[in-house]
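Below is one structure, written out as structure tokens; the observations come after it.
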Amino acid sequence: MKLHGKKALVTGAARGIGRGCALELARAGADVAINDRERSVQADAVVNELRAHGRDALLVEGDVFDRASCERIVAQAVESLGQIDILVSNPAFSVRGDFLDYDPQVFEKVLQGTLASGFHMSQLVSRHMVARGRGGKIVFISSVHARIPYTRSVAYNAAKSGLNQMALTIAAELVQHRIHVNIIEPGWIATPGEEETFGSEAIRAAAPSLPWGRLGTPEDIGKAAVFLASADADYITGTTLLVDGGFSLRGAGAGIAGATRVP
């Protein structure tokens with residue numbers, strides 16, 4: 001129970017990596033406010049799972065793509081939990097497409113949803129943490145796309161690279177307030193979004209060729225988030241934790257080559 005007594009807010013938590021982070025935080029003892037755009041069967045199911053672990057949990061509806069909505073999300077989470085000690089910033093929006101044909105409006109929406117939303121949520125939560133004067137933990141969920149320029153992902157690559165640099169800048173500015181700011185870079189993770197993009201059959205076929213012999217799971221990312229949010233990481237800030245099972249090492253040696261799909 002490394003996070004006993006801590007209060008966490010996780011955005012984009014109705015499914016996938018956000019859900020995995022919320023569940024692992026609860027298993028480690030944190031009470032958790034999950035955010036998603038609107039109430040859904042999936043979101044309610046996550047709240048019930050968190051409560052099944054004996055934790056206080058609630059759903060905070062709101063669109064993190066919008067600043068005013070972010071303000072309401074943070075205010076409601078603070079009102080319900082009493083404080084926010086941990087933020088897992090996990091918003092993202094991605095549309096793949098060829099650069100020459102890429103819709104400029106979609107490009108801006110991807111940056112808004114993946115980069116700007118992270119700015120809004122982290123700034124608002126950081127202001128709360130600074131006012132409390134007790135420090136805090138902020139974990140940004142980035143991607144191996146931040147370091148590997150996958151084709152047909154121009155907007156998402158740019159947004160995740162920008163997110164990394166933004167997070168490091170925030171870390172440098174918040175050191176004086178003892179607010180830890182770190183980044184997790186997932187590799188290819190088995191999420192509903194990936195199944196929608198590639199298809200479950202293609203994913204199952206590709207998994208054995210990955211360095212670790214499988215895709216990552218949302219729980220793998222959640223466990224990394226628990227570490228960075230816990231006292232075990234109290235001397236860590238401004239770092240990027242790659243959680244990809246060696247995915248980014250493909251091609252570096254004969255034993256890890258072969259996979260052709262990208263996350």
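Throughout, read-outs are computed from the coordinates displayed, never taken from laboratory work. Fair warning: this is a prediction, and the values are worked out from it, not measured in the lab. Note that we place each Cβ from the backbone using ideal geometry, even for glycine, and neighbour counts take in every protein chain shown.
Taking 8 Å as the Cα distance limit and 6 or more residues as the minimum spacing, I'd like the relative contact order of region 133-263 as a percentage.
That works out to 31 percent.
With label points built 7 Å along Cα→Cβ from the Cα atoms of residue 75 and residue 248, find their separation and express it in nm.
The two pseudo-label positions are separated by 3.9 nm.
If you put +1 on each Lys and Arg Cβ and -1 on each Asp and Glu Cβ, how big is the dipole of the chain around its Cα centre, in Debye rounded to 20?
Dipole size: approximately 560 debye.
Top mean-square fluctuation among 215, 249, 115, Gaussian network model of the chain, C-alpha springs under 10 Å?
Fluctuation is largest for 249.
How high is the FRET efficiency between residue 207 and residue 101 when r is their beta carbon distance and R₀ equals 25 Å, given to the nearest 0.05?
Calculated transfer efficiency: 0.25.
Compute the relative contact order of region 47-186 as a whole-number percentage, counting only Cα pairs closer than 8 Å that sit 6 or more residues apart in sequence. The partial results should precede the final answer.
Values: 205 pairs, mean separation 35.3, N = 140.
Answer for region 47-186 is 25 percent.
Restricting to Cα pairs below 8 Å that are 6+ residues apart, what does the relative contact order work out to for region 7-256? Please round to a whole percent. Write down the numbers at each step before the final one.
Working: 485 pairs, mean separation 51.3, N = 250.
Normalised by residue count, the contact order of region 7-256 is 21 percent.
With springs only between Cα atoms under 10 Å apart, run a GNM on the chain and tell me which of 34, 203, 170 wobbles the most.
203
Report the full-extension gain for the segment residue 219 to residue 169: residue separation times 0.36 nm, less the Cα-Cα distance, to one decimal in nm.
Details: separation 50, 0.36 × 50 = 18.00 nm, distance 2.76 nm.
Taking residue 219 through residue 169 to full extension adds about 15.2 nm, to one decimal.
When a/c reaches 1.5 or more, the comparison of a/b and b/c decides; with that in mind, is region 210-254 rounded, prolate or oblate per its Cα gyration tensor?
Values: a/c = 4.06, a/b = 1.85, b/c = 2.20.
In terms of gyration-tensor shape, oblate.
Please report how many Lys pairs in region 7-256 have alpha carbons closer than 26 angstrom, counting only residues at least 8 apart along the chain or sitting on separate chains.
6
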